[in-house]
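Asks: Let me give you the structure first, and then I'll get to my questions.
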Amino acid sequence: MGRGRGELGHFGTIGADGPVRAAARRMAEGSYSCLVVVEDRDAIGVLTDGDLAMRVVASGGRGEGQRVREVMSCPAITVTPGESYGEVAAKMAAHRVRQLPVVEDGVLRGMVGLDDLIEIMAGELEDLAMAVRHEIWLTRTGEPDQLRGEEQIHDKLGWRPRDRLRRSLR
């Protein structure tokens, strides 16, 4: 079993032949929603909280005597650091998963989750929105970009938050 810090957050690993109860305990202690299942240093599957709920608890079991390989999701659906956010999101949607191991040259580098993608994309949308606001400023005022923040743009252009909401509902 291992613990790592990847490009996007922390992640945990467990061997395929490990007991399910030990895996569940590890997930609880590490606040993991999933563990990457490794065999000979290769990611062969993922054990999720959903796997435990659907394949152990829902079937009336408590995981006693069961091995991780019996309940894990496999094969491991992975992404590489070179894949775009859109490609990663599409892979998550296609496979109906919330987290994917990041593997580079056969080495597990981290985990990327849906929350990570949302946070990254929200930041990019904020950057895009600011660039558009600055372009509107320049187009309407003819003045070079001397803005320091969103409130200045709104004040100069006569926009108010409620006005923006009304415009978005039209």
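Read-outs throughout are calculated quantities, based only on the coordinates presented, and are distinct from any laboratory measurement. Note that the structure is predicted; figures quoted are calculated from it, not measured. Positions of Cβ are generated from backbone atoms using ideal geometry, with glycine treated the same way; all protein chains shown enter the neighbour counts.
Asks: In whole Hz and in residue order, list the ³J(HN,Hα) couplings for region 73-78 that follow from phi through the Karplus curve 6.51 cos²θ - 1.76 cosθ + 1.60, θ = phi - 60°; x for Gly and Pro.
Replies: 8, 8, x, 5, 8, 10
Asks: Another question about this same structure. Using 0.36 nm per residue of separation minus the Cα-Cα distance, give me the extension gain between Thr80 and Ala122 in nm, one decimal.
Replies: 13.0 nm
Asks: Here's something else I'd like to know. Calculated FRET efficiency, Ala94 and Ala131, Cβ-Cβ r, R0 41 Å, to nearest 0.05?
Replies: So, using R0 = 41 Å, E works out to roughly 0.85.
Asks: Moving on to the next point. If you wrap region 17-100's Cα atoms in a convex hull and average its projection over all directions, what's the area in nm²?
Replies: Projected over every direction and averaged, the Cα hull of region 17-100 covers 5.9 nm².
Asks: A further question on this structure: Are there any GluC sites (Glu not before Pro) in region 20-82 that are in a DSSP loop and have at most 13 other Cβ atoms within 10 Å? List them by number. Walk me through the numbers on the way to the answer.
Replies: On the way: sites: Glu29, Glu39, Glu64, Glu70; in loops: Glu64.
Within region 20-82, the qualifying GluC sites (Glu not before Pro) (loop, at most 13 other Cβ atoms within 10 Å) are Glu64.
Asks: Suppose a student asked you for the relative contact order of region 13-61, using Cα pairs under 8 Å spaced at least 6 residues apart; what percent would you report?
Replies: Here the relative contact order equals 30 percent.
Asks: Please work out the Cα convex hull volume for region 59-131 and give it in Å³ per residue.
Replies: 131
Asks: Each label point is 7 Å from the Cα along the Cα-to-Cβ direction; what then is the distance between the points at Ser31 and Asp105, in nm?
Replies: Going by the 7 Å Cα→Cβ label model, 3.3 nm.
Asks: Also, I was wondering about something else. Where does the charge balance sit around Val79 when Lys and Arg score +1, Asp and Glu -1, over other residues with C-beta under 9 Å from its C-beta?
Replies: Value of the local net charge: -1.
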